[in-house]
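All remarks here apply to the structure that follows.
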Amino acid sequence: MEYVSTRGSSPQQTFEGVLLSGLARDGGLFVPAEWPQFEPSHIAALHGLSYTDTVVRIVRPFIEPSLVSDDDLSRIVAMAYSGFRDPAIAPLVALDEDTYLLELFHGPTLAFKDFALQLLGGLFDHVLGLRGERLTIVGATSGDTGSAAIEACRDRENLDIFMLFPEGRVSEVQRRQMTTVESENVFNISLRGTFDDCQDLVKAMFADQGLRDDLGLSAVNSINWARVMGQTAYYFSAATRTETLGQPLSFVVPTGNFGNVYAGYVALKMGLPIEKLIVASNRNDILYRFFDQGDMSITDVEPSLSPSMDIQVSSNFERLLFDLLGRDGPAVAEAMQAFRSDGRLPDSARLAADARGLFAAHRLDDQETIDVIRSVHQETGMLIDPHTAVAVGAARKTPRDGTKRIVLATAHPAKFPDAVEKASGLRPPLPDHLSDLLERPERAQTLDNDLDVVRDYVRKHATQRKVS
Ligand SMILES: *Cc1c(COP(=O)(O)O)cnc(C)c1O
């Protein structure tokens, strides 16, 4: 598989190039030059396979030809999901007569991001080892990516990881899952700014060619193609486990950076029958306004009960935009430039009209989110986290048409105990492997929202590791 940049002026890349560089040199995101196709018979053949065997089949066409042999891939995938605490890895449970929950929170850090990042960590390690290279991972997190990336990269010989998070805007559990990791190659940066500030700094560091070359900068945040591909697998796996195999399904996805729902779009492009992809937003509703009202304009980020979705600039949206603009890279570059300078995506009404055949969107405010957590608990006895609740609420706002819906449950309720307790009166306990999290010592460096300050910190610490 060859990969192209969404902005059209970087050379095509192999899978390894895409894996290791993250962002293209022209500032665009990598996407496959064409979509691998799964015929209905191939999809039916996934039925009954283990989760890891499904991942191998879905991922294989994206990485070949490559240094990663079939045996290596099977081993890397098996390792990636060995730390998950449910034998089904991504169990599918019924919520009501036509709605399922796909539980994506049984990984080491209790959020769906482990699915992509555990796989990514294994692939990085393997490919770097074969090439005799080392890399510096720099990422921005609104909460869950950080800990999942750190768990995926910690103690790996050929990697350093620097994670920026907005000071005071991630939950205590989320912060501690990052700052209590005692590994020499893990550097946490608590930034005096918002998540979008963190993301802008990361992008600015990537734009600094000198830094990029000196430190071998790479990304594991949701712009890395390998993450998208790791998430696409559970759309196939879930679809093959419903009783209505072969009939179109809808997926309801709580959305921030548009990575998870874009992975569903990829599944559709590969041949999975999908009726609708329903985008679920919290009060930071730029994607809802785009899909529902045809307006994509940036407003201020406001804290909500679902902090991992407190985002206004959804990086992965550019990948969908690339297709909406007929895979015209220069047109994407121009649109993105106008979006960043005017705060509004040009021509959004027409683009949204084209997208609406497949996408729909709903938004929930914090009160609605609490109400959903409470009513799901009353009706089913299940506790769900606020991100999942936004998606369940969006499913409920979607008119029923007989299509089965799968709601992606993206975090364990114990990750957001305050909201869950407020809604249900019950405080969900952390699973055993994290039960002493609140007592462990923390390590993080607080820095100003200033490119020079952050860049100097990264350079100094990454270089020291390189020399030693
Ligand atoms: C990251 C995250 C989301 C949003 O996913 P995107 O891929 O950024 O759209 C939703 N829920 C939880 C719990 C998350 O950690």
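The values are calculated or read from the model by the stated rules, or taken from the named source; none is laboratory data. Just so you know, these numbers come straight off a predicted model, no measurement behind them. FYI the Cβ positions are ideal-geometry reconstructions off the backbone, even for glycines, and counts take in every protein chain you see. Side chains are part of the model used for accessible areas, which takes the heavy atoms of the whole protein and leaves out ligands, DNA and RNA. Shrake-Rupley method; radii C 1.70, N 1.55, O 1.52, S 1.80 Å.
Computed values, structure above
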quantity	calculated
Considering residues of the range 270-298 that are assigned to a helix (DSSP H, G or I) and among the aliphatic types (A, V, I, L, M) only, the residue nearest to the ligand (Cβ to nearest atom)	Leu287
Set Thr232, Thr255, Thr240: member being out of contact with any strand residue (DSSP E or B) (no Cβ under 8 Å at 6 or more places or on another chain) and either closer than 18 Å to Leu358 by Cα or without any contact (Cβ under 8 Å) to a residue 24 or more places away in the chain (or both)	Thr232
Considering residues of the range 234-260 that are within 16 Å of the ligand (Cβ to nearest atom) and β-branched (Val, Ile, Thr) only, the residue surrounded by the fewest Cβ atoms within 10 Å (Cβ to Cβ)	Val253
Residue in the range 299-312 that is most open to solvent (accessible area, probe 1.4 Å), counting only those that are of a type outside the set (A, V, I, L, M, F, W, C) and more than 13 Å from the ligand (Cβ to nearest atom)	Asp300
Exclusive hit being surrounded by fewer than 18 Cβ atoms within 10 Å (Cβ to Cβ) and not β-branched (Val, Ile, Thr), set Ala355, Ala361, Ala338	Ala338
Which listed residue, of Thr398, Thr410, Thr380, Thr403, is within 16 Å of the ligand (Cβ to nearest atom) and of a type in the set (Ser, Thr, Tyr)	Thr410
Residue selected from the range 133-181 under the condition of a type in the set (S, T, N, Q) and more than 16 Å from the ligand (Cβ to nearest atom), by the criterion most open to solvent (accessible area, probe 1.4 Å)	Asn158
Lone qualifier among Ala267, Ala263, Ala207, Ala219 - being more than 16 Å from the ligand (Cβ to nearest atom) and aliphatic (A, V, I, L, M)	Ala207
Single condition Arg405 does not satisfy, out of (1) surrounded by fewer than 19 Cβ atoms within 10 Å (Cβ to Cβ); (2) touching a helix residue (DSSP H, G or I) at 6+ places or on another chain (Cβ under 9 Å); (3) not hydrophobic (A, V, I, L, M, F, W, C)	(1)
Residue check for Val220: touching a Cys at 6+ places or on another chain (Cβ under 8 Å), surrounded by 22 or more Cβ atoms within 10 Å (Cβ to Cβ) and either at pLDDT below 95 or at positive phi (or both)	yes
Residue in the range 197-204 that is over 30 Å from Ala419 (Cβ atoms), among the aliphatic types (A, V, I, L, M) and either within 17 Å of the chain's Cα centre (by Cα) or surrounded by fewer than 21 Cβ atoms within 10 Å (Cβ to Cβ) (or both) present	yes
Filtered residues of the range 59-83 (kept if part of a helix (DSSP H, G or I), of a type outside the set (Lys, Arg) and in contact with a Gly (Cβ under 9 Å, 6 or more places away or on another chain))	Val59, Ile76, Val77, Met79, Ala80
Residue list for the range 299-329, filter: under 22 Å from Gly27 (Cβ atoms) and either part of a helix (DSSP H, G or I) or touching a Gly at 6+ places or on another chain (Cβ under 6 Å) (or both)	Ile311, Asn316, Phe317, Glu318, Arg319, Leu320, Leu321, Phe322, Asp323, Leu324, Gly329
Number of the exception - Arg57 against (1) within 30 Å of Ala414 (Cβ to Cβ); (2) open to solvent by 10 Å² or more (accessible area, probe 1.4 Å)	(1)
Selected residue (only one of Leu110, Leu120 is crowded, with 19+ Cβ neighbours inside 10 Å and closer than 20 Å to Asp72 by Cα)	Leu120
